[in-house]
Amino acid sequence: MTEHPAELMRRLAANTRVGYSFDQEFYTADAVFKADMDQVISRKWLVAGHVSRIPNRGDYFLYKIGSEQIIVIRENDTSIRAFFNVCRHRGSTLCSEESGNKKLLVCPYHAWSYGLDGRLIAARLMADDFDKADNGLFACHVRLFHGLIFINMSEDAPDDFDATFGDMGPILDYHGIADARIAHAGSYPTTANWKLVIENFFECYHCVPSHPEFCSIHGAESIVAVGAGPSSGPADAIASFTPMLKAWEERAAALGRPIGNMDDAPDSSHLRLLMQRMNKEGWASETQDGTAPAPLMGKRTQADGGRMHLSFSPFTQIVADDHFAILFQFTPRSALASDVEMIWLVDGRASEDEVDIDKMIWGYHATTTQDKVITENNQAGIMSSRYRPGRYSEQEGSVLKFQKWYLNQFGLDRAE
Ligand code: FES
Ligand SMILES: [Fe+2]
């Protein structure tokens, strides 16, 4: 008999020991992935993309998550809509290209036609009792926030957007995210469960063995203390790093940067995080030689040598230097597959000549390519009959917090 999803999650949570990685099934079972989609992923505000991807009426792109395809489309100057790519007749997908422009959404199967607002406009030879008004496309909740298109697939009322993210507005404003332009995009599809992708991003214990480029441009004390979040390192490392951080914060605040951290608790809806700290001494930007690859971004008038790490949720992150920002999207596709997309943003006023793309992407392209390999290795090992949950180090505090947050989405906790 198939185990009920709630029963399955309860059993697995009861096996999870504080300080240890998850059981195999959390990372491999289709039933867990389905529960993840239903209870976690479908209920979160996720960044589908940057608004500059769809500047004109009818421009669209597909955002694929789990077995869902979402058509993110510009309805008019002020409205962006997101629809499930499912015809209300017999369920064909409407759009098959990854992006494009549509005046109407016409189903390729029997030609039912929908407006850019999702209403069914035309359906041939239907009986008199058929009501087009009942057959519009299913929509997602959408919010455009500082140039970022957030969608939420929840069938119920989603978490209040402004209450959840409103306090991040001044930070995004300072970085000029709304008016930024996409300078480069990279795709790093990873054959691993989404939790492994996120756990890897949430710790820097692996940075020294796996990321020579990243470690060459960051101070060792910063990597250990706050490599993956304000509370991700051992307490003594955080204590000795703090005075250096405070001194930089004072300098940065004097230049206009909004200073502050956010470090949401595991019982929060989105586990948001904001961390700002300085680059290695002498490094203006996270490039190989430390020099800037592009003009200053956003409201800055002067560089402060800092970088920001902002999580809207474990699924969507921004890393921003003074001269460029990277949007990371970690998108679950199936139990054993995740999409990892990176979009490099530069100031909207920066011309192509002013941006050295190779120089800009050098560090994080190398790092994410390495992360793909180590995460796939992690998944492959977890598939073994001899995988057992292993003990976390003192540098993996943010992973423990993510575990607790994840179980909390099901109303569960780890065994103490
Ligand atoms: S499935 Fe779309 S018109 Fe028939
Ligand atoms: Fe990494």
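FYI, it's all coordinate maths here, none of it is from the lab. Since this is a predicted model, take the numbers as computed values, not measurements. Cβ placement follows ideal geometry from the backbone for every residue including glycine, while neighbour counts extend to all protein chains displayed.
Is it the case that Phe201 is within 16 Å of Phe315 (Cα to Cα) and either within 16 Å of ligand 2 (Cβ to nearest atom) or touching a Cys at 6+ places or on another chain (Cβ under 9 Å) (or both)?
When the stated conditions are applied, Phe201 passes them.
Check whether at least one residue in region 82-99 is touching a Phe, Trp or Tyr at 6+ places or on another chain (Cβ under 6 Å) and away from ligand 1 (no atom under 16 Å from the Cβ), and report yes or no.
Yes, that holds for at least one residue.
Confirm whether Ser154 is touching a strand residue (DSSP E or B) at 6+ places or on another chain (Cβ under 9 Å), farther than 27 Å from His175 by Cβ and surrounded by fewer than 16 Cβ atoms within 10 Å (Cβ to Cβ).
Yes, satisfied.
Scan region 226-254 residue by residue and report those that are surrounded by 19 or more Cβ atoms within 10 Å (Cβ to Cβ), away from ligand 2 (no atom under 14 Å from the Cβ) and under 23 Å from the mean Cα position of the chain (by Cα).
Val226, Pro230, Gly233
Checking the structure you have, find out if any residue of region 384-393 is hydroxyl-bearing (Ser, Thr, Tyr), in contact with a helix residue (DSSP H, G or I) (Cβ under 7 Å, 6 or more places away or on another chain) and surrounded by fewer than 21 Cβ atoms within 10 Å (Cβ to Cβ).
yes
Conditions first: (1) over 17 Å from Ser79 (Cα atoms); (2) buried (at least 16 other Cβ atoms within 10 Å of the Cβ). Asp167 passes all but one, so which condition is the exception?
Only one criterion in (1) over 17 Å from Ser79 (Cα atoms); (2) buried (at least 16 other Cβ atoms within 10 Å of the Cβ) is unmet by Asp167, namely (2).
Any idea which of Arg90, Arg119 is surrounded by 11 or more Cβ atoms within 10 Å (Cβ to Cβ) and either among the charged types (D, E, K, R) or free of Cβ contacts under 8 Å to residues at least 12 places away in the same chain (or both)?
Arg119
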